[in-house]
């Protein structure tokens with residue numbers, strides 16, 4: 001096997017561009033997915049079944065269908081409906097955010113329900129309303145328990161962003177496929193892409209582990 005490092009060097013600027021976009025897509029997906037996931041998780045645990053039902057349907061759909069199918073539906077259907085044309089970056093952010101929100105919602109739900117109900121009752125007895133009790137008492141305690149599964153979801157989101165290449169967003173896998181198509185080489189482009197994803201996920205794991213250890217000592 002004649003491994004061509006010169007081809008990797010030639011495509012290095014494109015891989016750098018793709019890495020920046022991948023990080024941007026992932027951060028946007030994490031940010032919007034976490035915010036949306038919190039509201040969906042709170043909605044699902046509502047005692048009112050009529051309120052909880054649509055949130056349950058949302059989670060069931062996005063967890064029960066492939067992300068690639070969701071990307072195509074959003075890119076070719078939802079985004080043109082919203083803005084009148086396709087936009088792979090907008091579609092990628094939207095797809096990653098909506099998909100991540102379903103999983104993050106379940107993480108929030110499990111974290112909140114893991115806190116003893118007496119905590120809520122004690123907060124209410126002190127004069128707090130439900131929102132205040134959730135904000136100041138329940139969520140801070142639940143958040144510490146949610147760090148590991150949230151970290152896993154963030155790592156998965158970075159890897160799942162590679163599927164955005166199928167709608168021609170110029171992220172890491174887009175350029176790996178372009179390089180493979182130009183030179184009919186498989187090892188060089190895909191090993192390079194794998195190495196970049198490994199660096200990104202490993203770095204994120206280190207950061208999350210440090211945060212988890214710091215919160216454990218508080």
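Taken together, the values in this text are just the output of simple stated rules run on the coordinates, not laboratory data. All values reported here derive from a predicted model rather than from experimental measurement. Don't worry about glycine lacking a Cβ; one is built from the backbone with ideal geometry, like all the others, and counts go over all protein chains shown.
If a spin label sat at a point 7 angstrom from the Cα of residue 51 along the line to its beta carbon, the backbone N atoms of region 122-164 nearer than 12 Å would be those of 130-131.
Based only on Cα atoms, what mean projected area does the convex hull of region 34-114 have, in nm²?
On the way: hull surface 21.9 nm².
The directionally averaged projection comes out at 5.5 nm².
Okay, helix-only estimate at 222 nm for the chain: each DSSP H run of n ≥ 4 adds -39500 (n - 2.57), divide by all residues, round to 500 deg cm²/dmol; what do you get? -26500 deg cm²/dmol, from helical runs alone. Applying 0.36 nm per residue to the separation of residue 31 and residue 2 and subtracting their alpha-carbon distance, the gain on full extension is 6.2 nm.
When the expected Rg is taken as 2.2 N^0.38 Å, what fraction or multiple of it is the alpha-carbon Rg of region 1-71? Walk me through the intermediate numbers first.
Values: Rg = 20.0 Å, N = 71, 2.2 N^0.38 = 11.1 Å.
In units of the 2.2 N^0.38 Å rule of thumb, it is 1.80.
Which FRET efficiency, nearest 0.05, do residue 110 and residue 72 yield, Cβ-Cβ r, R0 41 Å? Computed FRET efficiency for residue 110 and residue 72 comes out at 0.85. Working from Cα positions, state the angle (0 to 90°, nearest 10) between the long axis of helix 139-160 and the longest principal axis of the chain. Orientation of helix 139-160: about 20 degrees from the principal axis. Using the Cβ-Cβ distance between residue 17 and residue 82 with R0 set to 22 Å, the FRET efficiency works out to roughly 0.25. The distance from the alpha carbon centre of region 12-64 to that of region 181-217 is 21 Å, rounded to a whole number.
What is the mean projected area of the alpha carbon convex hull for region 124-214, to one decimal in square nanometres?
8.3
Here the simple spin-label model places points 7 Å from the Cα toward Cβ, and for residue 190 and residue 145 these points are separated by 4.2 nm.
Computed from Cα atoms, the angle from the helix 49-64 axis to the main principal axis of the chain rounds to 20 degrees.
With an 8 Å cut-off on Cα pairs and a minimum separation of 6 or more residues, tell me the relative contact order of the chain in percent. It would help to have the intermediate numbers written out before the result.
Working: 241 pairs, mean separation 64.1, N = 218.
It rounds to 29 percent for the chain.
Subtracting the Cα-Cα distance of residue 202 and residue 215 from their residue separation scaled by 0.36 nm leaves 2.7 nm.
Taking the C-alpha atoms only, the angle from helix 172-183 to the longest principal axis of the chain is near 20 degrees. In angstrom, the C-alpha Rg and Dmax of region 72-118 are 15.9, 52.
Taking a point 7 Å from the Cα of residue 168 along the Cα-to-Cβ direction, the residues of region 74-90 with backbone N closer than 18 Å to it are 74-81, 83-90.
Rounded to whole Å, the principal axis extents of the Cα atoms in region 5-217 read 69, 45, 24, largest first.
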